[in-house]
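Novice: I have a structure here, written as structure tokens, and I will follow up with some questions on it.
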Amino acid sequence: MRFCTKSLRVIVTLLALAPLLLLAVVKGDAAKGKQVFASRCSGCHGESGEGKEAIGKMLGVTMPVLGSKEVQSLDDAALRRGIAEGKGKMKPVSLSEPELTDVIAFLRTLKK
């Protein structure tokens with residue numbers, strides 16, 4: 001009986017962790033991310049992530065180029081937090097988990 005209880009605990013634990021493991025493995029669809037980025041992010045960040053100087057001046061900030069080493073050195077979790085929670089004067093962007101994953105996949109294509 002003891003063996004069955006331990007096995008059941010392991011199975012339940014693995015099932016509980018499965019969604020987190022899938023998120024870690026899923027890399028996203030850069031093409032879909034580009035579409036989301038174009039509709040939700042490019043107004044400030046520009047079509048290719050270079051940042052719109054006029055928006056930066058209006059907000060009193062210097063926007064980092066999204067393909068720069070500074071941005072690309074961030075891990076996916078940090079990018080996800082920055083998008084979902086906002087950073088500095090950037091307000092949070094409400095995206096679904098798949099959209100966030102896709103946008104991050106697109107951002108990785110901007111690496112210089």
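Novice: Please list, in order along the range 42-56, the HN-Hα scalar couplings obtained from phi with the Karplus expression 6.51 cos²θ - 1.76 cosθ + 1.60 (θ = phi - 60°), rounded to whole Hz, x for Gly and Pro.
Specialist: With coefficients 6.51, -1.76 and 1.60, one gets 5, x, 9, 8, x, 4, 10, x, 7, x, 9, 4, 4, 5, x Hz.
Novice: Using only the alpha-carbon atoms, how far is helix 2-25 inclined from the longest principal axis of the chain? Give it as 0 to 90 degrees, nearest 10.
Specialist: 10 degrees
Novice: Same structure, new question: How much length, in nm to one decimal, is gained on full extension between Leu15 and Ala78, taken as 0.36 nm per residue of separation minus their Cα-Cα distance?
Specialist: Net length gain for the segment: 20.1 nm.
Novice: Compute the signed sum of charges (Lys and Arg +1, Asp and Glu -1) over the other residues within less than 13 Å, Cβ to Cβ, of Val61.
Specialist: +4
Novice: A further question on this structure: Which ³J(HN,Hα) values in Hz, rounded to whole numbers, follow from the phi angles of the range 78-87 under the Karplus curve 6.51 cos²θ - 1.76 cosθ + 1.60, where θ = phi - 60° and Gly and Pro get x?
Specialist: Whole-Hz 3J(HN,Hα) from phi for the range 78-87: 5, 4, 4, 4, x, 6, 6, 9, x, 7.
Novice: With the crude spin-label approximation of a point 7 Å out along Cα→Cβ, what separation in nm comes out for Ser39 versus Ser7?
Specialist: My value for the distance between the label points is 4.8 nm.
Novice: Could I ask something else about it? How far is it, in nm, from the label point at Glu50 to the one at Lys32 when both lie 7 Å from their Cα along the line to the Cβ?
Specialist: 2.9 nm
Novice: In the range 24-57, whose amide N lies under 13 Å from the spot 7 Å out along Cα-to-Cβ of Lys111? List them in ranges.
Specialist: none
Novice: Looking at the P(r) of the range 27-108, how many percent of alpha-carbon pairs lie beyond 15 Å?
Specialist: In whole percent, the long-distance tail amounts to 55.
Bear in mind that the values in this text are calculations on the coordinates, not laboratory data. What you are looking at is a predicted structure, and each value in this text was computed from that prediction instead of being measured. Ideal geometry is used to build each Cβ from the backbone, glycine not excepted, and the neighbour counts take in all protein chains shown.
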